[in-house]
Every structure is written in structure tokens, then in C-alpha cells.
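Chemist: One structure follows; several queries about it will come next.
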Amino acid sequence: SLQGKTAVITGSNSGIGLGIARELARAGANVVLNSFTGRPQDHALADTIASEFGVRASYIKADMSIGRECRDLIEAAAACDILVNNAGIQHVAPIDTFPPETWDAIIAINLNSVFHTTAAALPGMRAAGWGRVINIASAHGLTASPFKSAYVAAKHGVVGMTKAVALETAQEPITCNAVCPGYVLTPLVEAQIPDTMAEYDMDRETVIREVMLARQPSRQFATVEQLGGTVAFLCSPAAEQITGTTLSVDGGWTAM
Ligand code: NAD
């Protein structure tokens, strides 16, 4: 059980981040949710988790594209025994027409935020004598696709930083790993299905099977519950000697 531990999950008002927060709460951890929005419904998500799982849950607004706010998030959290770096955005365009400001935003949110939150969280983990840093990278942290240069660069960077942090903490009761999901049917991915149906003149099932999951040999989406369970495993005693590595949850994508 993770009772008594506090987890901070960046970008956790939807999708994978929310799924991870729920599974860590199910395992007994107190959770801190985050996004840059700060709406009443974001706070309500924390209240729901608190009552459903009987843990402490709060929501803190912070923009992960701004280094100072990344560090402030960790300061504002009551504690940070488990840091899950999950916030991320995507943009698809060829590199020669890739908008420079979008490149900067992807590098800031998907890569730089991991530097700032990790730097801010490690002293507290050392003081507490236990810590877990879990970075949500991607199959695109290990392989590439065309038109995703910023995302692929950022996610490869996250995998590299994961290894460096693991070496810096190797002799302490702290581990640092990266989880690499394949396709997960989050609201973000769901929103792409209608357009893709129109573009290919296919029905929903064919789009999912032949277009979206063409690179995922299982032909199934990974779920946010499975991602949450993977993160909970990395926080368990069985994972104490797992550090500096990647754990793929991708239906065989990176085996090809
Ligand atoms: P999502 O859009 O549902 O969630 C993204 C989260 O990031 C949201 O909670 C959003 O509020 C937050 N966020 C975005 N910009 C932010 C900012 N500036 N500051 C704070 N929070 C911000 O998408 P998702 O699919 O759940 O993605 C979560 C993570 O998983 C990302 O890092 C993504 O790259 C990674 N991932 C997703 C998939 C997939 O298929 N969905 C696959 C591999 C990796």
C-alpha cells in the first residue's frame, strides 16, 4: 500500500494523468492533481478522488510550460514522495514548416518541465528517505514517426534524463524510470477519430484498426487504468531495483 505517500501528477485533469492519479489513490496514496486551467471542475476531480478512495486529494494550478511554475507546484504540494511527470502536448507537421513557437512549447512542456519538477522534488525525497520519479515518455521516446520532430526529440530527451537522474540517485532509496505508452484512447486521441474517418472514408472501427493502431501489433489501445497500474507497480517494493529504465506499454509497437 502507498498509504502515507503523496503523489504529484503533472497534467492530471484528463487522460493518462487522471488515470494514474486514480490508480495511485486506489493504492492508498494522497494525490495532487495539476493542470494550467484552474477551473471549478478541476478542483471537483480532486474531491471525487478523495471521497471515492478515502485519501487526501487536492488540485494545484500551474503552467508546466513555465519553469518557475513547475518548481512552485512542488513547493505548493504538501509533500512529493512520488513525482509523475505526465503533462504533454503534441503537434504534427513537417519540420520545414513546423511553427517555431510550437516547437518551443513542446520542448518546454514535454521536456523542460521534467527538469524543473525533478530538481525541485529530489531534496524532499532525500529528506523523507524514499522517492519515486516516473516520467511518462512514449513509444516516441524510443522510435520515431514522421512529422513529430518536436515530440520525438522531447520524448527521447525525457528517456535520456531518466537515465541520468537514476545514476545520480542510484545509491539512495530513490528510483527514476520512464513509462512508454503506445496509443491510449484519451480524449485527445478520441477527438482525432471523426476527422480521420472523413479523411480516409472509413468507419470508426476501420480507422481505429487500420490507421490509428497500424503500428500497435496488439491492435488494441492501452488503457489509462493499465498506465496507472504500471506506475503503481513502479512504486511497489518489487520495483526497488528497477531504475534508469523504460517500461513499454505499447502492445508490441517497439518490438517491430
Ligand atoms: P491529454 O491531452 O488527455 O492530457 C494532457 C494533460 O496535460 C492534460 O491534463 C493537460 O491539462 C495537461 N497539460 C497540457 N499542457 C499543460 C501545461 N502547459 N501545464 C500543465 N498541464 C498541461 O493527453 P494524454 O494522452 O493523457 O497525454 C498524457 C501524457 O501521455 C503526455 O505526456 C503524452 O505525450 C503521453 N502519451 C500519450 C499517448 C496517447 O496515445 N494518448 C501515447 C504516448 C504518450
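Chemist: Give the residues of the range 76-111 that are of a type in the set (Asp, Glu) and exposed (fewer than 13 other Cβ atoms within 10 Å of the Cβ), sorted by residue number.
Modeler: Listed by number, the residues that qualify are 96, 101.
Chemist: While we're here: Scan the range 146-161 for residues that are touching a residue at least 24 places away in the same chain (Cβ under 8 Å) and within 16 Å of the ligand (Cβ to nearest atom) and jot them down.
Modeler: 147, 148, 149, 150, 151, 153, 154, 155, 157, 158, 159, 161
Chemist: Sticking with this structure for a sec: Mind listing whichever residues of the range 240-256 are of a type in the set (A, V, I, L, M) and on the phi > 0 side of the Ramachandran plot?
Modeler: Residues satisfying the conditions do not exist here.
Chemist: Oh, and also: Among the residues of the range 1-34, count how many are part of a strand (DSSP E or B) and touching a residue at least 40 places away in the same chain (Cβ under 8 Å).
Modeler: Final tally of qualifying residues: 7.
Chemist: Now for a different question. Please indicate, with yes or no, whether at least one residue in the range 162-171 is surrounded by fewer than 16 Cβ atoms within 10 Å (Cβ to Cβ), closer than 20 Å to residue 93 by Cβ and without any contact (Cβ under 8 Å) to a residue 60 or more places away in the chain.
Modeler: No, that holds for no residue.
Chemist: For the range 4-44, enumerate the residues that are among the polar types (S, T, N, Q) and under 24 Å from residue 221 (Cβ atoms).
Modeler: 10, 12, 13, 14, 35 - these are the residues of the range 4-44 that are among the polar types (S, T, N, Q) and under 24 Å from residue 221 (Cβ atoms).
Chemist: Further question on the same structure: Take the conditions over 19 Å from the mean Cα position of the chain (by Cα) and crowded, with 17+ Cβ neighbours inside 10 Å and apply them to residue 202. Does it pass?
Modeler: No, not satisfied.
Chemist: Additional query: Restricting attention to the range 214-221, does a residue exist that is within 10 Å of the ligand (Cβ to nearest atom), in a loop (DSSP other than H, G, I, E, B), closer than 27 Å to residue 238 by Cβ and not basic (Lys, Arg)?
Modeler: Among the residues of the range 214-221, at least one is within 10 Å of the ligand (Cβ to nearest atom), in a loop (DSSP other than H, G, I, E, B), closer than 27 Å to residue 238 by Cβ and not basic (Lys, Arg), which makes the answer yes.
Chemist: Ok, one more. For the range 66-78, does any single residue satisfy the condition of being away from the ligand (no atom under 16 Å from the Cβ), touching a Leu at 6+ places or on another chain (Cβ under 9 Å) and within 20 Å of residue 31 (Cβ to Cβ)?
Modeler: The answer is no; no qualifying residue exists.
Chemist: Go through (1) more than 15 Å from the ligand (Cβ to nearest atom); (2) under 13 Å from the mean Cα position of the chain (by Cα) one by one and return the number of the condition residue 17 breaks.
Modeler: The single condition residue 17 does not satisfy is (1).
Chemist: Just give me the residues in the range 175-231 being within 28 Å of residue 29 (Cβ to Cβ) and among the small types (Gly, Ala, Ser), in sequence order.
Modeler: Answer for the range 175-231, where residues must be within 28 Å of residue 29 (Cβ to Cβ) and among the small types (Gly, Ala, Ser): 178, 182, 222, 228, 229.
Bear in mind these aren't lab numbers, they're just calculated from the coordinates by the rules spelled out. Quantities reported herein were computed from a predicted structural model and do not represent experimental measurements. Neighbour counts are summed over all protein chains in view; Cβ atoms, including those assigned to glycine, are modelled from backbone coordinates with ideal geometry.
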